[in-house]
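So the structure is just underneath, and the comments pick up after that.
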Amino acid sequence: MAQSPPSPAVATPTPEKPVPTQAEYALGVLKRTADKLSEAKNFTFKANSSIEVLSPVGHMINYFSTADVAVHRPDKLVAKKTGDGPSFELYYDGKTFGGVDSKLSVYAQMAAPPTLDELVPVVLEKTGILFPYADVLFSDVYRAVTKDLKHAYWVGRTTIDGVECDHLAFAGPGIEWQVWLGPEKEPLLRRLAVTYTDLERQPRCLVNFSDWNLKGELPASRFEFKIPADAKQIEFQPLLTK
């Protein structure tokens with residue numbers, strides 16, 4: 001039997017304003033977190049990800065990685081990825097998007113659009129690089145994640161790393177996703193699970209978020225594209241196909 005959403009967290013029920021439905025409660029909790037992230041101009045976080053990829057021989061392969069991410073809205077990003085697959089650093093400064101692999105001593109650059117809002121789809125199309133944390137980069141997180149939304153549901157509450165979180169489930173065209181969001185006093189994104197229902201074998205992605213800092217100062221030097229000495233320039237190549 002489905003749980004009923006708790007009434008006090010988002011809205012206090014009255015005769016004129018009854019207890020919210022599952023969907024209303026889920027969207028209310030989601031907006032609380034999305035608005036907090038949207039308000040942050042400088043922020044950092046860590047994302048531990050597991051992504052399923054269909055191999056050339058038909059097996060689903062899991063890749064595990066960690067990314068340390070720093071964002072300055074509206075036009076700066078640096079992400080340092082380690083783990084399965086290539087370990088690399090990505091840089092964006094509002095004009096150029098670049099990546100460097102220090103171990104292989106190679107780098108790539110391309111012209112980029114002027115805002116993070118425009119960057120994500122361009123990067124996916126031209127490089128095949130998928131940001132599993134892409135939604136938190138947008139200037140209006142709530143609008144980005146609820147666009148074309150078809151279904152919203154409050155699953156219940158659970159504890160992640162000692163923090164009680166709301167577990168929410170959503171669905172849109174070609175995608176089903178779940179989020180685990182912290183309490184009202186600290187409504188941060190703790191976990192994200194995505195199923196791509198319109199892709200072959202419906203691959204999944206799981207991201208655990210930690211080390212959030214929404215108030216730190218980020219010097220401009222942090223976003224400078226650092227090319228190793230004697231590194232060879234290569235071209236970005238699309239990696240994903242529909």
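The values are calculated or read from the model by the stated rules, or taken from the named source; none is laboratory data. It should be emphasised that the depicted structure is a prediction, and the values quoted were computed from it without experimental measurement. No Cβ is skipped: glycine too gets one built from the backbone with ideal geometry, and neighbour counts run over all protein chains shown.
Listing for the model above:
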| read-out | value |
| --- | --- |
| Pair list, Cβ under 7 Å, 6 or more apart: region 164-178 residue modelled with pLDDT of 95 or more, other residue crowded, with 17+ Cβ neighbours inside 10 Å and not in a strand (DSSP E or B) | Cys165/Gly182; Asp166/Val29; Leu168/Ala26; Leu168/Val29; Leu168/Leu30 |
| Residue list for region 133-148, filter: exposed (fewer than 15 other Cβ atoms within 10 Å of the Cβ) and under 28 Å from Val19 (Cα atoms) | Asp140, Arg143, Lys147, Asp148 |
| Near pairs, Cβ below 6 angstrom, 6+ apart or cross-chain, from region 35-64 (basic (Lys, Arg)) to any residue that is exposed (fewer than 12 other Cβ atoms within 10 Å of the Cβ) and at pLDDT 90 or above | Lys46/Asp211 |
| Conditions (1) in contact with a Ser or Thr (Cβ under 9 Å, 6 or more places away or on another chain); (2) exposed (fewer than 14 other Cβ atoms within 10 Å of the Cβ); number of the one not met by Met60 | (1) |
| Number of positions in region 178-212 that are touching a Ser or Thr at 6+ places or on another chain (Cβ under 9 Å), part of a loop (DSSP other than H, G, I, E, B) and not hydrophobic (A, V, I, L, M, F, W, C) | 4 |
| Condition broken by Lys232, with the remaining ones in (1) in contact (Cβ under 8 Å) with a residue 12 or more places away in the chain; (2) within 18 Å of the chain's Cα centre (by Cα) satisfied | (2) |
| Residues of region 75-100 satisfying the condition of being touching a helix residue (DSSP H, G or I) at 6+ places or on another chain (Cβ under 6 Å) and not in a strand (DSSP E or B) | Asp93 |
| Qualifying residue in region 195-202 (condition: closer than 27 Å to Asn42 by Cβ and surrounded by 11 or more Cβ atoms within 10 Å (Cβ to Cβ)) | no |
